[in-house]
């Protein structure tokens, strides 16, 4: 999703290319028929699903792939880290390449590279080769989401591109994660890893003809790449890539216990600092860091980070809870189908609100639903099943779909007002907050769960004493099932204590996840209060300004 946002500029270029230089009022571009619009929207969604399935299929089956590669969870997590490292920054390079060399060659080469990268997954034999292939796949998948945005925006006239078009495109980016969890169990039963990526090859071959059958409006070319940009980009990509690996693997290897995690973080800081030293003195920098860190953009960064934090309740925390309870993807198919429906409804309502003057209402509704949904999930027990979370997860999915489009529309409007070069800077903001921010919030919340589990475990263990008749009875009940196998009384009691310890750990994890859900709910509620105060302040300023104008009118 994040890589694709850069391409909205093509929609603007399409309009500017069709406007003649004569001072006469230009004729508006011919609007596509309803059937043609549907074709372009369907094509864009196809690109999103194809790219998203390749990215989420590993994340959705990380525990199942342990057996496939005979690896630990930490080792399998390298697959996600290898994918995200190039994916996080490649769109910046692609944006300039497309501007300088044209959209058509960009689209044709991109889809062929993605097909070849998908085919490489079929030749994976062990974890090491899988990591290398995932790194290549991360680079090849970056332009695919860009094409998804371009095709959806192509279906709308210019006055609807940043409202209806943007809402549909951003909603489409949210569909792949739940869809991957719905269809992956059957694929794993067929042939494991190869079945998962045979499907990806099939999807990539299915979208390949779209490039040739449905043409996109080519924007004008411009020479935008300077030699020093290559050096700056390599430093930037290396810095964010190291940071992506650090944030993805930190909670698995633990932040302070593995020396090479510190090396990765130090390397990331050094490369980004060097890139900053190169970019600040330039007249035409690749990234205008002064503008990126202006007051307005810092406010935007804060909003986008809040979105990543509160939306991670569904994307990572709830998923980890299911895995802790032993609930597999086969048992959550109905829940994720409901999430897809709620996402579509939320995106539709957001699109309608963006056509009116009540755009900020979308944020109020989104934060309210996410806060309430997370609060409902904060009282779970060990008997919870996906059916008990239908309402709360649907509310969160509905709210998450409504949050992002208004923010993106305002951000792009501000970037376009400064000029096309500033789109690269806005893409950088969005990349950092959505991809790097997603990994950061997932890692921090995962670490928070671990710390709270240790806290609750210590409290629960303090009350487990064999002198307590209830504890002794529970140990006896748990060990009774092994009494026909284990005849030694001491060993039988030890087995009962081991089973009781496992139950205590599970209860501690459930309490830890409840704390995490409550933390997310509080964050969403606090953001809602700040938003309401901000809107009230803007309304008050508007009223005061209207009164001043009313008083000044008779005097003039």
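In nm, give the distance between the simple-model label positions of residue 230 and residue 391, each being 7 Å from the Cα along the Cα-to-Cβ direction.
Those two pseudo-labels are separated by 6.1 nm.
Please give the peptides 40-47, 239-246 ranked by average Cβ packing (other Cβ atoms within 10 Å per residue), highest first, as a rough proxy for protection.
So the peptides 40-47, 239-246, ranked by packing, come out 239-246, 40-47.
Relative contact order for region 284-528: what percent, with Cα pairs under 8 Å and sequence separation of 6 or more?
Computed over region 284-528, the figure is 33 percent.
Name the shape class, rounded, prolate or oblate, that the alpha-carbon gyration tensor gives for region 284-528, where a ≥ b ≥ c are the square roots of its eigenvalues, rounded holds for a/c under 1.5, and otherwise prolate holds if a/b is larger than b/c and oblate otherwise.
In terms of gyration-tensor shape, prolate.
How high is the FRET efficiency between residue 66 and residue 541 when r is their beta carbon distance and R₀ equals 60 Å, given to the nearest 0.05?
Taking R0 as 60 Å, the efficiency between residue 66 and residue 541 is 0.60.
Report, in degrees rounded to the nearest 10, the 0 to 90 angle that the Cα long axis of helix 34-59 makes with the longest principal axis of the chain.
With rounding to tens, the tilt is 40 degrees.
For labels at residue 277 and residue 327 in the simple 7 Å Cα→Cβ model, what's the distance in nm?
Taking the two extended label points, one gets 5.2 nm.
Ranking 144, 235, 345, 451 by Cβ neighbours within 10 Å, fewest first, what do you get?
In increasing order of surrounding Cβ atoms, one gets 451, 345, 235, 144.
With angles folded into 0 to 90 degrees, how steeply does helix 422-431 sit against the dominant principal axis of the chain? Use alpha carbons for both and round to 10.
Its long axis makes an angle of about 10 degrees.
Could you rank the peptides 370-377, 393-400, 227-234, 531-538 by their average count of other C-beta atoms within 10 Å per residue, with the highest value first?
Ranked by mean Cβ neighbours within 10 Å, highest first: 393-400, 370-377, 227-234, 531-538.
Arranged by the count of other C-beta atoms within 10 angstrom, fewest first, what order do 530, 277, 439, 408 take?
With the sparsest Cβ surroundings first, the list reads 277, 530, 408, 439.
Expected output is a single nm value to one decimal: the length gained when fully extending between residue 470 and residue 256, i.e. 0.36 nm times separation in residues minus the C-alpha distance. What is it?
Additional length available on full extension: 73.1 nm.
Quick one: if the Förster radius is 22 Å, what FRET efficiency do residue 298 and residue 364 give, using the C-beta to C-beta distance and rounding to 0.05?
0.50
Arrange the peptides 84-92, 329-337 so that the one whose residues have, on average, the most other Cβ atoms within 10 Å appears first.
84-92, 329-337
Divide by every residue of the chain the summed helix terms, -39500 (n - 2.57) for each DSSP H run of at least 4, and state the resulting mean residue ellipticity at 222 nm, rounded to the nearest 500 deg cm²/dmol.
When only DSSP H runs of four or more count, the value is -25500 deg cm²/dmol.
Using a ≥ b ≥ c from the Cα gyration tensor of region 173-246 (square roots of the eigenvalues), is it rounded, prolate or oblate, where a/c under 1.5 gives rounded and otherwise the larger of a/b and b/c decides, a/b for prolate?
Oblate shape, in that a/c is at least 1.5 and b/c is the bigger or equal ratio.
When a/c reaches 1.5 or more, the comparison of a/b and b/c decides; with that in mind, is region 90-232 rounded, prolate or oblate per its Cα gyration tensor?
Verdict is oblate for region 90-232.
Quick note: the coordinates plus some simple rules give every number you see, no bench work behind them. These figures come from a predicted structure and were not determined experimentally. Glycine gets a Cβ as well: all are built from the backbone with ideal geometry, and neighbour counts include every protein chain shown.
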